[in-house]
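Just so you know, all these numbers are worked out from the coordinates, no wet-lab data involved. Just so it is clear, the model here is predicted, and its values are computed rather than measured. Here the Cβ is made from the backbone with ideal geometry for all residues, glycine too, and neighbour counts use every protein chain on show.
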Amino acid sequence: MKKDKWIWMGHAGHLCVSSMCRFHLNTYVGGVIVSTVGEYFPYNEETMVTIGSGDKSFYETMVFKAIKTTHKCCPFGQFSGEDLECIRYETAEEAHKGHLKLCRKWSKK
């Protein structure tokens with residue numbers, strides 16, 4: 001799927017506490033959803049908490065099989081199954097680059 005056909009959606013694509021994440025990217029690319037979340041602040045405005053395992057995993061990208069939805073803003077959602085790939089990052093810059101890398105990778109499949 002060519003990059004100009006990717007669908008960028010405005011809502012976080014995964015993580016049950018994503019409403020408390022300040023960082024999220026959610027992109028449909030050729031049959032999958034690439035979802036990145038991070039900057040998780042569950043308790044207060046000053047303490048960012050890690051996501052998943054690892055001392056410095058403040059961001060993560062997961063890839064899920066996509067399903068069609070009826071929502072106009074997010075025409076695709078994640079299939080409620082196991083993730084196809086997961087990568088964690090320490091910084092927002094790494095997370096952004098990692099998200100784009102996985103979008104490119106999965107759009108070729």
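Structure data summary
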{"quantity": "Checklist (1) over 25 Å from ASP4 (Cα atoms); (2) surrounded by 15 or more Cβ atoms within 10 Å (Cβ to Cβ) applied to TRP106, failing item", "calculated": "(1)"}
{"quantity": "Residues satisfying the stated conditions in segment 16-40, i.e. more than 22 Å from LYS105 (Cα to Cα) and either in contact (Cβ under 8 Å) with a residue 40 or more places away in the chain or not β-branched (Val, Ile, Thr) (or both)", "calculated": "CYS16, SER18, SER19, MET20, CYS21, ARG22, GLU39, TYR40"}
{"quantity": "Some residue of segment 52-70 being of a type in the set (S, T, N, Q), within 20 Å of MET9 (Cα to Cα), out of contact with any helix residue (DSSP H, G or I) (no Cβ under 6 Å at 6 or more places or on another chain) and free of Cβ contacts under 8 Å to residues at least 60 places away in the same chain", "calculated": "yes"}
{"quantity": "Matching residues in segment 35-70 - criterion: being exposed (fewer than 15 other Cβ atoms within 10 Å of the Cβ) and either among the basic types (Lys, Arg) or closer than 24 Å to LEU100 by Cβ (or both)", "calculated": "GLY52, SER53, GLY54, LYS56, LYS65, ILE67, LYS68, THR69"}
{"quantity": "Pairs where the first residue, in segment 82-109, is over 17 Å from GLY54 (Cα atoms) and the second is of a type in the set (Lys, Arg) and not in a helix (DSSP H, G or I), C-beta under 8 Å, 6+ apart", "calculated": "LEU84/LYS65; SER107/LYS2"}
